[in-house]
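Working notes, beginning with the structure itself.
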Amino acid sequence: MVPKPKITLYLDTVSPFAYEAYHILRNDPIFKDVDIKYVPIFLGGLMNKCNNTAPIRIKNKDKWINIERLRWARAFSIPIIDQMPPNFPPNTLPIQRVLAGIEASSSQSQSQIISALDALYRSYWVNGTPVHEPAHLRSVLSSSLEGGEAAAVKMLAAAQTAEVKQRLVENTDQAFAEGAFGLPWFTCTNLKGETEGFWGVDHLGQVVQFLGLDKGVSGNGGWRSVL
């Protein structure tokens with residue numbers, strides 16, 4: 001098997017920039033030959049481990065993040081809601097536990113977690129649906145998971161178990177151990193076997209350079225902003 005560059009993308013559905021990074025990795029042909037793993041963490045837990053302050057709690061930065069997320073969305077043609085979703089930021093712990101349970105139950109394949117992430121991100125960051133509310137979360141999972149309503153009920157129940165709760169803690173601890181202090185966080189390994197971490201959608205150009213990817217395969221003009 002031909003070796004591939006690798007990216008582990010740590011994410012939480014609360015972060016607009018993690019959504020944008022996810023959308024780019026999922027859709028831009030630059031990353032078509034990269035082995036990508038999506039790992040759910042709890043951003044609130046990571047911030048606590050770092051003694052970091054949420055951007056929404058910092059004067060001026062709370063306004064800047066809304067402007068910045070729209071800039072990057074326009075640059076990379078990423079669909080996103082114009083206004084911050086109502087009651088932002090929500091508590092995404094229940095969502096992230098569900099995602100950790102999906103990840104744990106399908107460790108050999110990322111198809112289920114990708115389906116769930118696609119639907120959750122579209123519902124929240126494109127349509128403004130409050131997916132942290134139980135009824136909306138169940139509806140989104142039912143429509144996105146293989147197995148429909150039964151699979152959604154199973155995953156929601158699993159999210160309440162000690163095993164799945166611990167899985168999310170371990171994922172968050174692993175992101176922290178790899179240097180993360182915010183999201184999106186990329187842990188990247190190139191074909192030389194070198195591994196480095198990168199933070200922020202605005203550092204995707206450095207990710208591309210570190211992994212030695214072909215910038216010419218993408219027709220997205222957003223790369224002029226980062227390369």
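For the range 38-117, rounded, prolate or oblate, judged on the Cα gyration tensor with a ≥ b ≥ c (square roots of eigenvalues), a/c < 1.5 rounded, else prolate if a/b > b/c? Because a/c hits 1.5 or more and a/b fails to exceed b/c, the range 38-117 counts as oblate. Spin-label model, K6 to A135: label points 7 Å out along the Cα-to-beta-carbon direction sit 4.4 nm apart. Would you mind telling me the share, in percent, of accessible area of the chain contributed by carbon and sulfur at probe 1.4 angstrom? That share works out to 50 percent. Taking the three principal axes of the alpha carbon atoms in the range 163-219, the coordinate ranges are 44, 24, 18 Å, sorted in descending order. Of all beta bridges that DSSP places with both ends in the chain, some 60 percent have antiparallel geometry. Shown here for the range 58-157: trypsin sites (Lys or Arg not before Pro) in loop regions (DSSP other than H, G, I, E, B) with at most 16 other Cβ atoms within 10 Å, namely K59. Non-local lysine pairs in the chain, meaning eight or more places apart or on different chains, with alpha-carbon distances under 27 Å, amount to 23.
Modelled spin-label separation between A150 and K49, with each label point placed 7 Å from Cα along the Cα-to-Cβ direction: 3.7 nm.
On the beta carbon distance between Q166 and R74, with R0 = 30 Å, the FRET formula returns roughly 0.15. Spin-label model, D173 to K32: label points 7 Å out along the Cα-to-beta-carbon direction sit 4.0 nm apart. Ligands, DNA and RNA are left out, and with a 1.4 angstrom probe the accessible area of the chain is 49 Å² per residue. Rg/Rh, computed from the Cα trace of the range 123-181 with Rh as the Kirkwood radius, has the value 1.08.
Taking only the C-alpha atoms of the range 69-227, Rg followed by Dmax gives 17.3, 47 Å. Stretching the chain fully between K215 and D62 yields a gain of 51.8 nm (0.36 nm per residue, less the alpha carbon separation). In the range 3-87, the alpha-carbon atoms span a convex hull of 112 Å³ per residue. Taking each DSSP H run with n ≥ 4 as -39500 (n - 2.57) and averaging over every residue of the chain yields -14000 deg cm²/dmol at 222 nm. Roughly how far apart, in whole Å, are the Cα centres of the range 180-227 and the range 55-114? When both Cα centres are located, 19 Å separates them.
The values are calculated or read from the model by the stated rules, or taken from the named source; none is laboratory data. What you see is a predicted model, and the numbers here were worked out from it, not measured in a lab. Backbone-built Cβ (ideal geometry, glycine too); neighbour counts: all protein chains shown. Heads up: the accessible areas ignore ligands, DNA and RNA and are worked out on the full protein's heavy atoms, side chains in. Shrake-Rupley method; radii C 1.70, N 1.55, O 1.52, S 1.80 Å.
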